[in-house]
1. Please list, or write none, the aspartates and glutamates whose alpha carbon is within less than 19 Å of the alpha carbon of K146, excluding same-chain residues fewer than 8 places away.
2. Please determine, in degrees from 0 to 90 and to the nearest 10, the orientation of helix 32-45 with respect to the longest principal axis defined by the Cα atoms of the chain, where the helix direction is its Cα long axis.
3. Do any of K82/K138; K5/K40; K40/K83 go past 24 Å between their Cα atoms, and which?
4. Out of S60, L22, T93, whose Cα points farthest toward the positive end of the dipole of the chain (charges: +1 Lys, Arg; -1 Asp, Glu; placed on Cβ)?
5. On the Cα set of the range 2-188, report Rg and Dmax in Å, please.
6. Over the range 69-190, calculate the relative contact order: mean separation of alpha carbon pairs under 8 Å at least 6 apart, over the residue count, as a percent.
7. Between the range 55-72 and the range 119-137, what's the alpha-carbon centroid distance in Å?
8. What share of the DSSP beta bridges in the chain is antiparallel, in percent to the nearest 5?
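What follows draws every value from the coordinates through simple rules; no lab data is involved. Predicted, not measured: the structure shown is a model, and the values here were computed from it. With ideal geometry, Cβ positions are generated from the backbone for all residues, glycine too; neighbour counts draw on all protein chains shown.
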Amino acid sequence: MDQLKDRILQEASIMNNEVLKLDGLLNHQVDPELTVDMGKEFARLFAESGITKVITVESSGIPVAFTTALSLGVPLVFARRKKTLIADPDAYTERVPSFTKGIVTDIMVSRQFLQADDTVLFIDDIIANGDAARGLIKIIERSGAKLAGVGIVVEKAFQAGARTIREQGIRVESLVRIASLEDGVIRFES
Ligand code: G4P
Ligand code: NA
Ligand code: NA
């Protein structure tokens, strides 16, 4: 999405060689029209996949997962993050480390909202090392639902997350792939 590349160049600031601040676009403010267009693009890419549900992890994945679900005409489920976890027999949970925050959290999806006859599309805003993504993929596997693929707004291709998911044989579609942030310059993969 060229429109998205332009917006990233306008809005993003480089924190260091690994981290891009995207508060103006994904992590603090959202542009509704642009987010609708992102959702339409994911819906187009996965139109033939028989998606019954879109799934993401709170919080920054929710706006784009919502517009994708709207375009596909299916519900959105967002995995919740729990700080204290009292074992819940009615939920799937996974413990995941967070790259930027340096903390560990538990993500949780109620069994009620993810079932073996679902075909799910996992949408997320940014993928780095892919820890949260791997946690949610494990939850999807345990539920017996079919994972049709993963849609990512910004893939940091110099980190291993998206690659390792593709290596598992899972389809990953990214709207924008960033090759590097070195020397204070955002370089996109063509
Ligand atoms: P991943 O599993 O999603 O790849 O993420 P990873 O554990 O590597 O990173 C954890 C969190 O850090 C994720 O947000 C991810 O979106 C965010 N993150 C990673 N790299 C960057 C970056 O370069 N810029 C920004 N802005 N965020 C980055 P989260 O913990 O899921 O939090 P939330 O934003 O959904 O609340
Ligand atoms: Na995030
Ligand atoms: Na996210």
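1. Of all the aspartates and glutamates, those that pass the test against K146 - Cα under 19 Å, at least 8 places apart if same chain - are E48, E94, D117, D118, D124, E167, E173.
2. With rounding to tens, the tilt is 70 degrees.
3. Table pairs above 24 Å Cα-Cα are K40/K83.
4. T93
5. Calculated on Cα positions, Rg and Dmax stand at 15.8, 49 Å.
6. 19 percent
7. 12 Å
8. 40 percent
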